[in-house]
Structures are given as structure tokens and as C-alpha cells.
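Colleague: The structure under discussion is supplied below as C-alpha cells; questions concerning it will follow.
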Amino acid sequence: WFEQRKLSFNEIVDKYQKKLLSKKQDLFFIIYHRKKIGFVQIYQYNEKISGYNNLYEYDLFIGEPELISKGIGTQVVNYIDDYIYKNYLCDGIVLRPFDRNKRAIRCYEKCNFKRVNEYIGTDTLGNKEKIVVLLNVSR
């Protein structure tokens, strides 16, 4: 579901080994019925949003097409949000999906995220994309 080209196994190991060693991100697998179905990376959000000092952000990837539209994403988002609020002592969580990712945005809004901004950014291939900034401060 991600726009990036497929990476080789060695490229994946190199990319995520560097992230783990830098200790700037926490990386987790999403396990559903004892099967790895996705991935989450949590990190501090470094942009400013007025009124908030300690924000965290995460990227969430569920890669199993047969699990789409089954409510699993909503369960995962709620679980991750609870985990972040309990373990990172933050005052909010930010998500930044592409505007075209309507399914993800609906899921995030169901989980109490509110749209606070949008901007034109680039995807990992360098294509211009409208990105939506969503904020959750409900915990």
C-alpha cells in the first residue's frame, strides 16, 4: 500500500538496522492471529503545533489485502495511541497521511484525530503529494 519501490531484503535490513541503532525510533511488528501483518515506527514529532510541547508521531503499515476493511486498523490505531500515551508521556500524537489515503484518514478520525493542517510534500519517490496533518490529544 506504500508508494515506495520494493526493497530487497538487504536494503530492508540496512534501512531498519540504522533506525534501530540510532535509537530515534521505536519499531514494532503488528501481529494478528500469530502472523506478522504490518509494521509501526514511533518517533518524536519535531514540528511545532501551537499549544503542544511534546508530540509523537507514528507510521503504520498493514500489508495484508485480505485484512482491509475489517476494523483491524482501528483496533491497531487505538492500541498504539494508548501505548504512546502510557509510555512516552506526550501531550499529543500526530499522523500525516497522504490526502488520497481516504480509508486511513477515516480510520484516524474514528480514533479521535482531528485535521489541523495540510501541505504539499513529496512521497519517497519524489512525487508531489498533499499531506494532511492530524492531531489526537484526547487521552
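Every number in this text was worked out from the coordinates using simple rules, so none of it is lab data. Everything numeric in this text was worked out from a predicted model, so none of it was measured. Cβ: placed from backbone, ideal geometry, glycine included. Neighbour counts: every protein chain shown.
Colleague: Compute the orientation-averaged projected area for the stretch 58-139 from the convex hull of its Cα atoms and round it to one decimal in nm².
Modeller: 5.7
Colleague: Given the Cα-Cα distance of Tyr79 and Arg96 and 0.36 nm per residue of separation, how much length would full extension add, in nm?
Modeller: Computed gain between Tyr79 and Arg96 is 4.3 nm.
Colleague: Here is a follow-up. If you take the beta carbon distance between Lys114 and Glu66 as r and set R0 to 35 Å, what does 1/(1 + (r/R0)^6) give as a FRET efficiency, to the nearest 0.05?
Modeller: The computed FRET efficiency comes out at 0.70.
Colleague: Please enumerate, by chain and number, the lysines with C-alpha under 24 Å from the C-alpha of Lys86, excluding those fewer than 8 residues away in the same chain.
Modeller: Straight-line reach from Lys86, under 24 Å: Lys19, Lys23, Lys24, Lys36, Lys48, Lys110, Lys114.
Colleague: Output the Kirkwood hydrodynamic radius of the chain, Cα pairs only, in Å rounded to one decimal.
Modeller: So the Kirkwood estimate lands at 16.0 Å.
Colleague: Same structure, new question: Given DSSP loops and a limit of at most 15 other Cβ atoms within 10 Å, what is the longest stretch of the chain that contains no such GluC sites (Glu not before Pro)?
Modeller: That would be 48-139.
Colleague: Would you kindly state how much longer the chain becomes between Tyr52 and Glu11 on full extension, computed as 0.36 nm times their sequence separation minus their alpha carbon distance, in nm to one decimal?
Modeller: This chain segment gains 11.2 nm when fully extended.
Colleague: Rounded to the nearest 0.05, what FRET efficiency do Leu89 and Lys18 have when you use their Cβ-Cβ distance and R0 = 22 Å?
Modeller: E(calc), rounded to 0.05, equals 0.25.
Colleague: In nanometres, what is the gap between the two model label sites at Leu125 and Lys36, each 7 Å from Cα along Cα-to-Cβ?
Modeller: Modelled inter-label distance: 2.5 nm.
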